[in-house]
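Below is one structure, written out as structure tokens; the observations come after it.
Each value in this text was obtained by applying a stated rule to the coordinates, not by laboratory testing. Fair warning: this is a prediction, and the values are worked out from it, not measured in the lab. Virtual Cβ from ideal backbone geometry, glycine too; neighbours counted across all protein chains shown.
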């Protein structure tokens, strides 16, 4: 495995297109079934789009961290600085054929390091679909814990996908960065 290098996404058309392609491949459609992070049994439609990625990049308190092997994008995550020393972690994606090889752990570790050192964050949180028990267990192995908080799934907003079942909701996990 070539060592990962990290950088922040720019608003370039190349970066934006690569991010959208990566995120879609990790979560939706047939390609997502090559990895274990697929949501294809829970959601149809898109996971993100060009407009959403551009908005994240343009938001001052947000960053899209990219993980590359050579010049190939293999993973990414969205970080957002929040009040009270918290950083939100989302849109985490690793190319499906490259999952299960330690890249995800490396990306999470870099996101934690960056949030702690660059932003002074003392806690990182995320929202995961409650039905994704395998993913929740993976985050727990990385030190995240369920907070007891839940959030409704945005039914009717196709920007987040088209649910295939009526009981989706998010649970919140968090980890101290201290």
Pop a pseudo-label 7 angstrom from the Cα along the beta-carbon direction at both residue 50 and residue 122 and give the gap in nm to one decimal. 4.3 nm
extent check for region 111-154: Cα max minus min per principal axis, descending, whole Å, gives 33, 24, 16
In what sequence do 48, 59 fall when counting other Cβ within 10 Å, fewest first? 59, 48
Dimensions (Å) - region 35-103, Cα atoms, principal axes, largest first: 35, 31, 24
At the level of C-alpha centres, the distance separating region 28-63 and region 111-133, in angstrom, is 17 Å
Evaluate the Debye formula for region 5-125 with equal point scatterers sitting on the alpha carbons, no solvent, and hand back log10 of I(q)/I(0) at q = 0.23 Å⁻¹, in q order, two decimals. -1.38
For residue 82 and residue 135, extending 7 Å from Cα along the Cα-Cβ vector and measuring point to point gives, in nm, a value of 1.6 nm
Please give the contour-minus-distance gain from residue 2 to residue 157: 0.36 nm per residue of separation, less the Cα-Cα distance, rounded to one decimal in nm. 51.9 nm
Label-to-label distance, nm, for residues given as residue 101 and residue 41 (7 Å Cα→Cβ offset): 2.5 nm
Theoretical gain in end-to-end length, residue 176 to residue 13 [0.36 nm per residue, Cα-Cα removed]: 55.2 nm
